[in-house]
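The block underneath contains the structure these notes are about, expressed in structure tokens.
The values are calculated or read from the model by the stated rules, or taken from the named source; none is laboratory data. Since this is a predicted model, take the numbers as computed values, not measurements. Neighbour counts are summed over all protein chains in view; Cβ atoms, including those assigned to glycine, are modelled from backbone coordinates with ideal geometry. These accessible areas exclude ligands, DNA and RNA; they are computed on the full protein's heavy atoms, side chains included. Shrake-Rupley method; radii C 1.70, N 1.55, O 1.52, S 1.80 Å.
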Amino acid sequence: MYADRAQWIAEQKLPSEKVPIPEILPGGECLVWQLNGLEKDEFDSYRFAEAAKAKASGQTLSISAIAAVFCVKDETGERLFTTDDVDCLSKKS
């Protein structure tokens, strides 16, 4: 079965998954959401720009921290973090 145009453009609820975070909150969880197309493009643009800066300065880039900024959201789908939090998140396990 193939998707028709209406199915392609219909609003889509993206899936999320509860992930345990015992290092931050024993017994706690966070929600990791799938990115939509625009969010994925934003993630890629940010990641590539930061990779170029890191390479130029000899620094290490934390892809995991960047992914957390874009994918960890609350129950309504709002991001918990901003790109200003990447450095702090890169120091977490």
- Query: If each of residue 6 and residue 85 carries a label point 7 Å out from its Cα toward its Cβ, how far apart are those two points in nm?
  - Reply: 4.0 nm
- Query: Roughly what would the spin-label model give for residue 47 and residue 31, points 7 Å off Cα along C-beta, in nm?
  - Reply: 2.3 nm
- Task: Positive end of the charge dipole of the chain (Lys, Arg +1 and Asp, Glu -1 on Cβ, about the Cα centre): tell me which of 36, 21, 60 has its Cα farthest that way.
- Result: 60
- Item | Listed candidates (1) -0.88, -1.06, -1.04; (2) -0.62, -0.96, -1.02; (3) -0.47, -0.83, -0.90 - label of the one calculated as log10 I(q)/I(0) by the Debye sum over Cα atoms at q = 0.14, 0.19, 0.20 Å⁻¹ | (2)
- Query: Whole-Hz Karplus ³J(HN,Hα) for the range 71-77, in order, using 6.51 cos²θ - 1.76 cosθ + 1.60 and θ = phi - 60°, x for Gly and Pro?
  - Reply: 10, 7, 9, 7, 4, 8, x
- Carbon and sulfur atoms: what percent of the 1.4 Å accessible area of the chain do they account for? 55 percent
- Query: Which ³J(HN,Hα) values in Hz, rounded to whole numbers, follow from the phi angles of the range 27-44 under the Karplus curve 6.51 cos²θ - 1.76 cosθ + 1.60, where θ = phi - 60° and Gly and Pro get x?
  - Reply: x, x, 9, 10, 9, 10, 9, 6, 8, 7, x, 5, 5, 5, 4, 5, 4, 4
- For the chain, report the accessible area per residue in Å² (1.4 Å probe, heavy atoms, rounded to an integer). 78 Å²
- Query: If you stretched the chain out fully between residue 23 and residue 75, how much longer would it get, using 0.36 nm times the residue separation minus the C-alpha to C-alpha distance?
  - Reply: 16.6 nm
- How would 16, 64 rank on accessible area, largest to smallest, probe 1.4 Å? 64, 16
- Task: Just need the relative contact order of the chain here, percent rounded to a whole number, with Cα pairs under 8 Å and 6+ apart.
- Result: 22 percent
- Dipole magnitude of the chain, debye to nearest 20 (Cβ charges: Lys/Arg +1, Asp/Glu -1, about Cα centre): 300 debye
- Query: So what J values fall out for the range 18-26 if you push phi through Karplus, 6.51 cos²θ - 1.76 cosθ + 1.60 with θ = phi - 60°, rounded to Hz, Gly and Pro as x?
  - Reply: 6, 10, x, 10, x, 5, 9, 8, x
